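Any read-out appearing in this document is the output of simple, stated calculations on the displayed coordinates, not a laboratory observation. Treat the numbers as computed from the prediction; the structure is a model and nothing was measured. Neighbour counts run over all protein chains shown; Cβ positions are idealised from the backbone, glycine included.
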Amino acid sequence: MFIATVVVSILLAAFVCMSGIFKITRKPQIVESMTAAGVPESWLNPLAAVLLAGGAGLVVGLWWAPLGVAAAVGLVLYFIAACGFHIKDKDWKNLPVPLVVLLLAAAALTLRLLSM
């Protein structure tokens, strides 16, 4: 069970850290997606900070389980909100990515809890 936790946590951490970096650097595709979902550009840096903290928390949480659980919970909530923004603005084109990452975050949370 712990090996699955490590694999899923590392994959999710890599994805959310990349996403955070893309937000900080204002990658055009990310800015376009966020704008389509109704997210103001002024939110990009704070959202990037949440993603980077979540990614770091997942990795450190492999050694200290409570931090891994907290990071996974935070990422589940983040991606629920992301999906909500896309649904609210009927941005169906950009909904699949946050939905898949939400499922990955839920898997990371479940695995982290089961491997404690």
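Computed quantities for the displayed model
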{"quantity": "The chain: C-alpha gyration tensor shape, a/c 1.5 cut-off, then a/b vs b/c", "calculated": "prolate"}
{"quantity": "Dipole magnitude of the chain, debye to nearest 20 (Cβ charges: Lys/Arg +1, Asp/Glu -1, about Cα centre)", "calculated": "40 debye"}
{"quantity": "Highest average packing first - 84-94, 59-69, Cβ atoms within 10 Å", "calculated": "59-69, 84-94"}
{"quantity": "Mean Kyte hydropathy of -0.5 or more with a Cα span along the axis of at least 15 Å, helices from DSSP in the chain", "calculated": "2-24, 44-60, 65-88, 96-114"}
{"quantity": "Peptide ranges 13-21, 71-79 listed from the most packed, as the mean C-beta count within 10 angstrom indicates", "calculated": "71-79, 13-21"}
{"quantity": "Sequence-separation-based contact order of the range 1-101, relative, with Cα cut under 8 Å and 6+ spacing, percent", "calculated": "27 percent"}
